[in-house]
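The block underneath contains the structure these notes are about, expressed in structure tokens.
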Amino acid sequence: MSSLCLQRLQEERKKWRKDHPFGFFAKPTKKADGTMNLQKWQAGIPGKEGTIWHEGVYPLTIEYPDEYPSKPPKVKLPAGFYHPNVYPSGTICLSILNEEQDWRPAITLKQICLGIQDLLDTPNPNSPAQEPAWRAFSKNKAEYERKVALQAKQYAK
Amino acid sequence: MTQMKSKTTPITSDYIDDPNYEKVHNPIFDSENISSFTLTEITDHKTDSGVLSQDSEFEIEDFAYSDDEFVYDDEENNETYDSMLSQPIKQITKKEMSEGSVPNLNYEVLTTQNIFKNMLSRLDHLQPVFNIPREDILLLMQHYDWNEERLLENWTERMDELLVEIGVSQKTSAVATSLEKKAENPDISGVKTKRGIAFKQSFECIICCEDKDTQTFSLECGHEYCIDCYRHYIENKLHNGNVITCMDCSLALKNIDIDTVMGHDSSKKLMASSIKSFIQKHNKNYKWCPYADCKCIIHLKDTSSLAEYTRLHFSPFVKCDAEHRFCFNCGFETHAPADCNVTNAWVKKAKKESENLNWVMSHTKECPKCGVNIEKDGGCNHMKCSSCKYEFCWICEGDWAPHGKSFYQCTLYTNDEKSKKKESEDLSKIMKKYTFYYRVFNEHEISAKLDWKLGQTIGSKVRALQEKMDVSWIEGQFLTDSIKILNEAVEDLSELLQIKDPEQIMKNKLEFYNKSGYVENRMYALMECGRDLLCKGICKPTD
């Protein structure tokens, strides 16, 4: 692991502990030997109040490559997550997480988490990543909302 | 999906005036001059074998590689052989186009330096039109893939927007995106900072989060970071060939900024990778020489003639400055008399044994534009080649544009039942046939390597000859000419060239000419008859 990557991640952790948005959590995972693995985090994104997502807290895994912060982390929801912009593998399709698009080294963990919370309720139908959710979202809103509510219950707080 | 499809605009086409870059090359020779015996030989076989089955790989085994028929001192052909030797040499080697054959290939050989120079001169050209610094035009052009027409069109329509979009200038309005939270950096709001390096005491860089006395760098946007972080960041981006932006917003770093930060001419690296991606995007007109470590780029201005080559089973062979000959169509080395399809089928077949290829074949598709192998691991059918940026549909492999919003259903796809041909062939027979041809192919490859070695020895002989006999370089050229032909077929000629005595070599000058002319003719005859077989559809690849 490069020292820049490590340094920055330590600071991200410090900052997060000092201040993070309400209802969110994020922490580095543990390696097999019990030490902290700063390059792989687990986080939880609460659905926004007043939306069909609000009941759940959605688990994220965040993996930082060695080239971080030049390159963005890989952020995943559980495989099979129901959302138009989430690949079947759980990988999230979001421009700020794409190196060729809007990723900038200055983007922090907090911005990423808030960005994903935003994306939950405002999917981008022009960049679909899975068929079922995309189809329902563009053609059958009722069905979409029912499935989302069901999923929210599954990940209930 | 904001990236536009690039129209091929050869940036180099109208302003290279150095005639040295112009090469007119004509790979096709007058077939009338070729002695007729080889053709008759083959025609006979052709009629004998009657209708050949379509499902065999290469239906030429009856004669193509049975070497005896192609050995030129074959008894029955001696007459033709002798009469040919008596022909004046010029008539044999003169390269003419026979009527009704393919058009000339008009191409130029470039290097990345040439292209870069051309790009710079293009900037000088455009400077009066844009009336902004050259560095800024460079950014615009990079963004527009050097498509001047489109850039100019957009430029006249919405100049200011464009400058912001490409990161040349900042937004004038106070609209801040969600990422530019001014609350987090209250010190930068409103104040226009100077572009460049500064020295700060106990500066806290929010990228590496260190608090130290350090040099910092920032653009006019005021997003200031320590120089180490910037170096790290730029280093990572240099090989992408894209415009590098500020680490927080989309204001672009110009080449001069990159050099300021990195302390040496790193922007050259960026330009080199930018040119590479330019070539990749315009790969219809530009091709890298496929030979190892060769830096030449072939630029074919007019690709319309290529279709004609394919139709007539000719191959558009080009030659780079390092004398490497290759096929512009498929990128393989010269493969006459086989055409590109046959060559491709063969190469694939030869590689098929490897598991890797099997995996690639079953899991990937080739990009319909640049041919790079693409694996689809999720998402919709809308694919964008990461190599040439072509946008296409995974199902029908056609252009994406007509698909619009139907991300998961391709209506343009018609299931081709014919492709599901039954596999009823006798496997062992095919295997046997394949091994036979593979062995032949291998033999040829080995002997080609040996020929190359021979060429090297002869080269040194030529130099020795020049030294000992004090002949001019021009006079010695007849030998080097022979060498080139030797690369294709040599046996007889190589015997002659083993003469050690320099004086003897000069005496045998005519002999050299005759032999080499003959060898050359044999090669064309072979090429022509192979092409003939392809044209008549007698042999064709089934892969």
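The values are calculated or read from the model by the stated rules, or taken from the named source; none is laboratory data. Keep in mind that this is a model prediction, so the values were computed, not measured. As a convention, Cβ positions derive from the backbone with ideal geometry for all residues, glycine included, and neighbour counts pool all protein chains shown. Side chains included, ligands, DNA and RNA excluded: accessible areas come from the protein's heavy atoms. Shrake-Rupley method; radii C 1.70, N 1.55, O 1.52, S 1.80 Å.
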Among residues of region B:243-261 being in a helix (DSSP H, G or I) and in contact (Cβ under 8 Å) with a residue 60 or more places away in the chain, the residue surrounded by the fewest Cβ atoms within 10 Å (Cβ to Cβ) is B:I256
Would you point out which residue out of B:T260, B:T303 is hydroxyl-bearing (S, T, Y) and more than 20 Å from the chain's Cα centre (by Cα)?
B:T260
Quickly run through region B:301-346 and pick out the residues that are open to solvent by 60 Å² or more (accessible area, probe 1.4 Å) and among the aliphatic types (A, V, I, L, M).
B:A307
Residues that are surrounded by 11 or more Cβ atoms within 10 Å (Cβ to Cβ), modelled with pLDDT under 65 and not basic (K, R): list the helices (runs of 4 or more DSSP H) wholly contained in region B:424-533 that include at least 3 such residues.
B:473-486, B:491-496
Is there any pair with a first residue in region B:214-237 that is free of Cβ contacts under 8 Å to residues at least 60 places away in the same chain and at the interface with another protein chain (Cβ under 8 Å from one of its Cβ atoms) and a second that is assigned to a helix (DSSP H, G or I) and of a type in the set (A, V, I, L, M, F, W, C) whose Cβ atoms are under 6 Å apart and which are 6 or more apart or on different chains, and what are they?
B:H232/A:L4
Qualifying positions in region A:94-116 - hydrophobic (A, V, I, L, M, F, W, C), assigned to a loop (DSSP other than H, G, I, E, B) and under 13 Å from the mean Cα position of the chain (by Cα)
A:L94
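Mind counting the residues in region A:55-72 that are polar (S, T, N, Q) and open to solvent by 10 Å² or more (accessible area, probe 1.4 Å)?
1
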Output the qualifying pairs, or none if there are none: Cβ atoms under 7 angstrom, residues six or more apart or on different chains, first residue in region A:1-25 and within 14 Å of chain B (Cβ to nearest Cβ) and polar (S, T, N, Q), second residue crowded, with 16+ Cβ neighbours inside 10 Å and not in a strand (DSSP E or B).
A:Q7/B:C208; A:Q7/B:C209; A:Q7/B:E210
Log entry, pairs with first residue in region B:375-392 being within 18 Å of A:P132 (Cα to Cα), second being not in a loop (DSSP other than H, G, I, E, B), beta carbons closer than 6 Å, six or more apart or on different chains, reads B:N381/B:C393
When B:V109 is run through (1) more than 28 Å from the chain's Cα centre (by Cα); (2) part of a strand (DSSP E or B), the failure sits at (1)
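Just a yes or no: is a residue in region B:282-293 among the aromatic types (F, W, Y), crowded, with 19+ Cβ neighbours inside 10 Å and in contact (Cβ under 8 Å) with a residue 12 or more places away in the chain?
In the first step, residues of region B:282-293 are kept if they are among the aromatic types (F, W, Y); the result is B:286, B:288, B:291.
Add one more test, that the residue is crowded, with 19+ Cβ neighbours inside 10 Å, and what stays is B:286.
Then drop every residue that is not in contact (Cβ under 8 Å) with a residue 12 or more places away in the chain, which leaves B:286.
Yes, region B:282-293 has at least one match.
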Taking first residues from region B:135-155 that are among the charged types (D, E, K, R) and second residues anywhere that are in a helix (DSSP H, G or I), the pairs with Cβ under 7 Å that are 6 or more apart or on different chains are B:E135/B:N255; B:E135/B:I256; B:D145/B:F278; B:D145/B:K281
Among the residues of region A:1-48, which ones are over 14 Å from A:L114 (Cβ atoms) and open to solvent by 90 Å² or more (accessible area, probe 1.4 Å)?
A:M1, A:Q10, A:K14, A:R17, A:K18, A:K27, A:K30, A:K31, A:A32, A:D33
Has region B:330-340 got at least one residue that is among the charged types (D, E, K, R), without any contact (Cβ under 8 Å) to a residue 40 or more places away in the chain and within 20 Å of B:E520 (Cβ to Cβ)?
no
Are there any pairs, at least 6 apart or on different chains, whose C-beta atoms fall under 9 Å, with the first in region A:125-145 and under 11 Å from A:C93 (Cα atoms) and the second in a helix (DSSP H, G or I), and if so, which?
A:S127/A:S95; A:P128/A:W134; A:P128/A:R135; A:P128/A:F137; A:P128/A:S138
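Count, please, the residues in region A:21-48 that happen to be farther than 20 Å from A:L77 by Cα and assigned to a loop (DSSP other than H, G, I, E, B). Can you show your working first?
Going residue by residue through region A:21-48, those that are farther than 20 Å from A:L77 by Cα are A:31-36.
Narrowing the set further to residues that are assigned to a loop (DSSP other than H, G, I, E, B) leaves A:31-35.
Of the residues in region A:21-48, 5 are farther than 20 Å from A:L77 by Cα and assigned to a loop (DSSP other than H, G, I, E, B).
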When residues of region A:94-138 are filtered for being more than 11 Å from chain B (Cβ to nearest Cβ), over 19 Å from B:K405 (Cβ atoms), of a type outside the set (A, V, I, L, M) and open to solvent by less than 60 Å² (accessible area, probe 1.4 Å), how many remain?
3
For B:N240, which of the numbered conditions (1) within 14 Å of another protein chain (Cβ to nearest Cβ); (2) surrounded by fewer than 20 Cβ atoms within 10 Å (Cβ to Cβ); (3) over 22 Å from B:V164 (Cα atoms) fails to hold?
(3)
Any idea which of B:S274, B:S266 is farther than 20 Å from A:E67 by Cα and open to solvent by less than 50 Å² (accessible area, probe 1.4 Å)?
B:S274
Of the residues in region A:73-93, those that are open to solvent by less than 20 Å² (accessible area, probe 1.4 Å) and either within 14 Å of chain B (Cβ to nearest Cβ) or over 14 Å from the mean Cα position of the chain (by Cα) (or both) come to A:L77, A:F81, A:H83, A:P84, A:N85, A:V86, A:G90, A:I92
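Report yes if some residue within region B:196-213 is within 14 Å of another protein chain (Cβ to nearest Cβ) and among the hydroxyl-bearing types (S, T, Y); otherwise report no. Steps first, answer last, please.
Step one: list which residues in region B:196-213 are within 14 Å of another protein chain (Cβ to nearest Cβ), which gives B:204-212.
Filter once more, so that each one left must be among the hydroxyl-bearing types (S, T, Y): none.
Taking every residue of region B:196-213 in turn, none turns out to be within 14 Å of another protein chain (Cβ to nearest Cβ) and among the hydroxyl-bearing types (S, T, Y).
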